1. Within the range 95-149, count every residue that is surrounded by fewer than 22 Cβ atoms within 10 Å (Cβ to Cβ) and assigned to a loop (DSSP other than H, G, I, E, B).
2. Looking at Gly6, Gly43, can you tell me which residue is surrounded by fewer than 18 Cβ atoms within 10 Å (Cβ to Cβ) and modelled with pLDDT of 95 or more?
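The values are calculated or read from the model by the stated rules, or taken from the named source; none is laboratory data. Because the structure is a prediction, the values reported are computed rather than measured. With ideal geometry, Cβ positions are generated from the backbone for all residues, glycine too; neighbour counts draw on all protein chains shown.
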Amino acid sequence: NKIEVGDKQFELFIENDSIAKRTRLIGTELNVDYEGLCPVFIGVLNGSFLFMADLLKEVEVPCEVGFIRVASYAGTSSTGAIKEVFGISEDLKGRHVILVEDIVDTGFTLKFILEKVYLQEPASVRVCTLLYKPDAILHPIEELEYTGFEIPNEFVVGYGLDYNGLGRNLKDIYRVIPDNISLT
Ligand code: PRP
Ligand code: MN
Ligand code: MG
């Protein structure tokens, strides 16, 4: 249950089965909440790619699907500086928008994206995230409506989440074993 990603050791934290169960439940909620509204799902790349794919397979209401790209991390902590944004190409005016994230950490990324989204005058905006770290939040996200798991403030990889670009392809989510107690 331990793996290495880059120069760090990680231990199994959330298994794919649990992710899948939680994702199905969120999908069910979305199907109820968005019936007849033809929402637009927007995944935040890169981290959301697997969650987005699995979540959208559970969504049965007519909807549109798109992605935006924002990156703010280097290493294991948020740098607080947005490095890249590849714009919102969809016309969101009057639309019901659901932003999909793998993780809400400080909230900085979403705060930045939400500002851009509101400029387009959508009918509603909500956030759906697989993971949420309540103890790390610096910019509370009022729009956060659908959360897979609330987790402690520990660095995690897998299922879309990376450590210096690695580990996104892991099926399960792992948490870092701090260097000083890694005695393997
Ligand atoms: C990660 C994660 C979220 C964001 C959360 O993305 O996927 O988008 O950080 O952190 P925050 O709440 O402190 O802003 P990252 O910037 O690492 O880019 P990536 O998705 O390409 O890994
Ligand atoms: Mn991301
Ligand atoms: Mg990242």
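1. Residues meeting the conditions: 16.
2. Details: Gly43 fails: surrounded by fewer than 18 Cβ atoms within 10 Å (Cβ to Cβ).
When all the criteria are applied, what remains is Gly6.
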